[in-house]
1. Give the residue that is least open to solvent (accessible area, probe 1.4 Å), with candidates limited to residues of region A:521-536 that are under 23 Å from residue B:378 (Cβ atoms) and in a loop (DSSP other than H, G, I, E, B).
2. Among the listed residues A:419, A:410, A:372, which satisfies the condition of being under 26 Å from residue A:497 (Cα atoms), in contact with a Ser or Thr (Cβ under 6 Å, 6 or more places away or on another chain) and open to solvent by less than 10 Å² (accessible area, probe 1.4 Å)?
3. Tell me which residues, restricted to region B:198-229, are in a helix (DSSP H, G or I) and in contact (Cβ under 8 Å) with a residue 24 or more places away in the chain.
4. In this structure, does residue A:185 turn out to be touching a Ser or Thr at 6+ places or on another chain (Cβ under 7 Å) and closer than 29 Å to residue A:66 by Cβ?
5. Looking only at region B:308-333, which residues are crowded, with 20+ Cβ neighbours inside 10 Å and assigned to a loop (DSSP other than H, G, I, E, B)?
6. Filter region B:211-227 for residues that are modelled with pLDDT of 90 or more and hydrophobic (A, V, I, L, M, F, W, C); which is surrounded by the fewest Cβ atoms within 10 Å (Cβ to Cβ)?
7. Residue B:21 is checked against (1) within 14 Å of chain A (Cβ to nearest Cβ); (2) modelled with pLDDT of 95 or more; (3) closer than 26 Å to residue B:281 by Cβ and fails just one. What number does that condition carry?
8. Any chance region B:284-297 includes a residue that's part of a helix (DSSP H, G or I) and either within 13 Å of another protein chain (Cβ to nearest Cβ) or open to solvent by less than 10 Å² (accessible area, probe 1.4 Å) (or both)?
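The values are calculated or read from the model by the stated rules, or taken from the named source; none is laboratory data. All of these numbers come straight from a predicted model, not from anything done at the bench. Counting neighbours? That spans all protein chains shown, and the Cβs are built from the backbone with ideal geometry, glycine included. Side chains included, ligands, DNA and RNA excluded: accessible areas come from the protein's heavy atoms. Shrake-Rupley method; radii C 1.70, N 1.55, O 1.52, S 1.80 Å.
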Amino acid sequence: MKLEHIRNFCIVAHIDHGKSTLADRLLEVTETVSSRDMVEQVLDRMDLERERGITIKAQAVKLDYRAKNGREYILNLIDTPGHVDFTYEVSRSLAACEGALLVVDASQGVEAQTVANANLAVEGGLEVVPVINKIDLPGAEPDRVKRELEDGLGIDASEAVSVSAKTGEGAKEVLEAIVNLMPPPTGEPDGPLRALVFDSAYDPYRGVVVFVRLVDGTIKKRDKIQMMATGRVAEVEEVGVFSPDMKSVDRLSAGEVGYVFAGIKDVQEIKVGDTLTGAKKIAAEPLPGYEDAKPMVFCGIFPVEGGEYTNLREALDKLKLNDAALNFEPENSTALGFGFRCGFLGLLHLEIIKERLEREYELDLLATAPSVAYKLLMTDGTEKLIRNPSDYPNAGVERIEEPFIAATIVTPPEYMGAVMELCQARRGQPGNVTYLSETRAQIDYSLPLSEVVLDFYDVLKSRTRGYASLDYEYDGYRESDLVKLDILLTGKPVDAFSAIVSRDRAYDRGKLLVEKLRKVIPRQMFEVPIQAAIGGRIIARETVKAKRKDVTAKCYGGDISRKRKLLERQKEGKKRMKQVGQVTIPQDAFLEILKVEE
Amino acid sequence: MSGLYVHTPFCRTRCIYCDFNAYAGCERLVGPYGRALLEELQAPTVFKPGSATEVWARSTVFTTVYFGGGNPALLGPYLTATLKQATADGRIAPDAEVSLELNPEDAEAELLESLLASGFNRLSLGWQVLDDAILAQLCRRHDSEAALASLPAARAAGFKSVNIDLIFGLPGQTSLGWRSTLERAVAAGPDHISTYSLTIEPGTPLAKLVEGSGAQWRLPAEDETARMYEEARDILARAGFEHYEISNFARPGHRCRHNINYWQGGDYLGIGAGAHSHHHGLRWWCRLAPEDFIDNADRVQGFEELDDKQRLSERIFLGLRMIEGVDPGEIKRDLGLCPEHVYSSILKRLRSDGMMIHGPKLALTSMGLPLADAVMTDFM
């Protein structure tokens, strides 16, 4: 296939604006999927993706399309994950394309992820074709949305396509726009192989399948290839295309999108963003933009039952096969026993992993409050990166830096006050305010990531009645005035409750935490003092009074079995709680810590 | 030592806190049920026919007998007939303790005299509380006047050992009210007092009521109930009652031997609907519904065979109900397992925490007593 008959494109959108539904329609209209095999969100293969309406893994699919000009085209759709946590993956997917469909809901208009994705696409040099979706709905205002795109984002909306992905109206026009507005790929079919790895997946029978976009050269079975970042060499076992199931082909050449099997057993050996080249004819330069996926959010994950530790390790190992961004190392908490300190791309990534562990591996888990990695600059001139508040040293810290994010919040103007108040309370520094239209404003804020990882998004939603949307990108480390807040039970610090918080709010936070804990820790055999401390100084104290009475009246008529069952149940209940020193802590206490909204 | 328990599953009306195996409005079943009891007493069904347990059930001579319910008085003529038959069959030791539960409203001279004549020698009167408002709220059929009158009536009939059952921790009850109940009960001169802490049993009408919003159903706070228990211990000790079991107090010589046998892991045969039996680590129980008990030749509904570990934990948690505790040497002799060895770290902790005494016996301290269940859980 000649390059000018190929189009590589992706669809980007804010969540729920209809990205996956539009993809479904394009698959249908091009008869890539027969109507018999059609299910909703064809490309979202995980149950979790369909349930949550989000795309977690990138997918690719080849569409054969005869355009109105009578020519046959190959349209490669690269479906990208739709969440800020996966920005790096999104940017790699975008790098595999020449054009992007920017889907915007005709009544919702431009949202934070619209802004973020549009910016990514424009920065990546992609031709952006706006698609105004859901025009069949009563509240649709396509003209307003076009204005928002033009005035707010500077995107030419004159050739925007109006569609209803639900009914299929306008789907053909979208395909025409792809052919006519997006440029074909450029590349050297005869040059040394350069293929961008934009994703990978693990197949339990065949090993790692590598998703590639060829820029130069060709690739076929039995070729020796090399990964340019890692240097690993492998022999190609199969190449193919997604239509949408994997279908092997003789070769892939410049401009095309497909998959490669090369006997790779571990997803860690293949990095998203890396460049595949020929082992014998090595390209001079790799394709630009490779980075290691960096975990940004960390939390401890512990099995509720100590005996589940091995199962948890196996489950994490299995998930990691398919998720290079997940990392974990053993952690031993005095409060929670043996578990793992896990690193995630962001909060959604954390939630997804935890949910998959619980659902697919039937594990009962306790997760500690998510935290970020702090950079400690020590008085002796060294630097320490800590991912767990309990690793904060008692002395020798000169200053501390924490990661910041550049947040984009899009909201109706009437909620701007509420949004700014929230950002201010979370130590935010305001940036630009842009009016996208009379009904939508974009507010930029610089915020410490740690202020966002707990409940920022939920609170933002509730304070704006669900109207505001949020997107962000990481923005480096900056110094902050932070202290370590410890929670002590019966005078001993409980590592799982430690947190690093801003000095200004440490007192309020400590007071709030001990009050909450007093309510959720049941009476024990003894009085349990709960204290909050900064350094060695106690800043707040509450007491759980000693249990005074716990005795059943009688064993009537010799019914000892019943009494025994009662005690066994009581014991069972106790076993489901965590024993920290002498104190028994219910799981609720660990969850309560996560809810910090004052 | 073996005990015999005879259960009467009938009541005139059900009390709202009760979840015992008892039914109101079953008068028509009294005759058939009484005959089934007599039958069962002569040839008890045991889940392992031909076993040593069956031989024991059919031949042992009972040193304690306890008629409980429900309301045993509703058995009518079968009440005395059952005891008489067992005595005639030589199943009752001459010096046996023979107890009967009785509601104050049934304590009439004629019945009391016939009971004494047929061999009952200990009465347990269900006073519950001397507070008419609370008694009415609990749907009891007596008032405090009837309660107070029942004791002299028992004495007049010739009963030399009388217990009074009291409950604390009731909705609407205060420390002050409880003290008054205790003091008046002591003044009436019983030989034994049981003070049971109210347990809200799931599924009872009371459980629903206390969950509701009615202020009159609010339970005293945990601290208040704990204080009531302390008051009972103080007042009864000063009045000359020995605290010998978590809920039980007796004048010297009046401890309830039947119940002590339960706490010491002894053997007992239970007859009647839902009654439990125990013999050397085997436990079985009769069919729960009175109709089923009457109609089935095989009256055993279920059984369990305790393993050594279960027997050990039972011996401890039951033994801990006794104030003097339980002798680990005795347990080792009976079961071949040494509690001090099996539970060494738990015992060490409970002792250093002040829940259990330092000494040769396994026993709760004054601090441990009101927390008995929490302590016992450690041995499960």
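1. A:521
2. Working: A:419 fails: under 26 Å from residue A:497 (Cα atoms); A:410 fails: under 26 Å from residue A:497 (Cα atoms).
Testing whether each residue is under 26 Å from residue A:497 (Cα atoms), in contact with a Ser or Thr (Cβ under 6 Å, 6 or more places away or on another chain) and open to solvent by less than 10 Å² (accessible area, probe 1.4 Å) leaves just A:372.
3. Step one: list which residues in region B:198-229 are in a helix (DSSP H, G or I), which gives B:205-211, B:215-217, B:222-229.
Result: B:205, B:206, B:209, B:210, B:216, B:217, B:224, B:225, B:226, B:227, B:228, B:229.
4. Details: touching a Ser or Thr at 6+ places or on another chain (Cβ under 7 Å): no; closer than 29 Å to residue A:66 by Cβ: yes.
For residue A:185, the condition - touching a Ser or Thr at 6+ places or on another chain (Cβ under 7 Å) and closer than 29 Å to residue A:66 by Cβ - is not met.
5. If the condition is that a residue be crowded, with 20+ Cβ neighbours inside 10 Å and assigned to a loop (DSSP other than H, G, I, E, B), then B:320, B:321 are the ones that fit.
6. B:221
7. Unmet condition: (2).
8. Taking region B:284-297 as the starting set, the residues that turn out to be part of a helix (DSSP H, G or I) are B:290-295.
Among the residues that remain, those that are also either within 13 Å of another protein chain (Cβ to nearest Cβ) or open to solvent by less than 10 Å² (accessible area, probe 1.4 Å) (or both) are: B:290, B:293.
Taking every residue of region B:284-297 in turn, at least one turns out to be part of a helix (DSSP H, G or I) and either within 13 Å of another protein chain (Cβ to nearest Cβ) or open to solvent by less than 10 Å² (accessible area, probe 1.4 Å) (or both).
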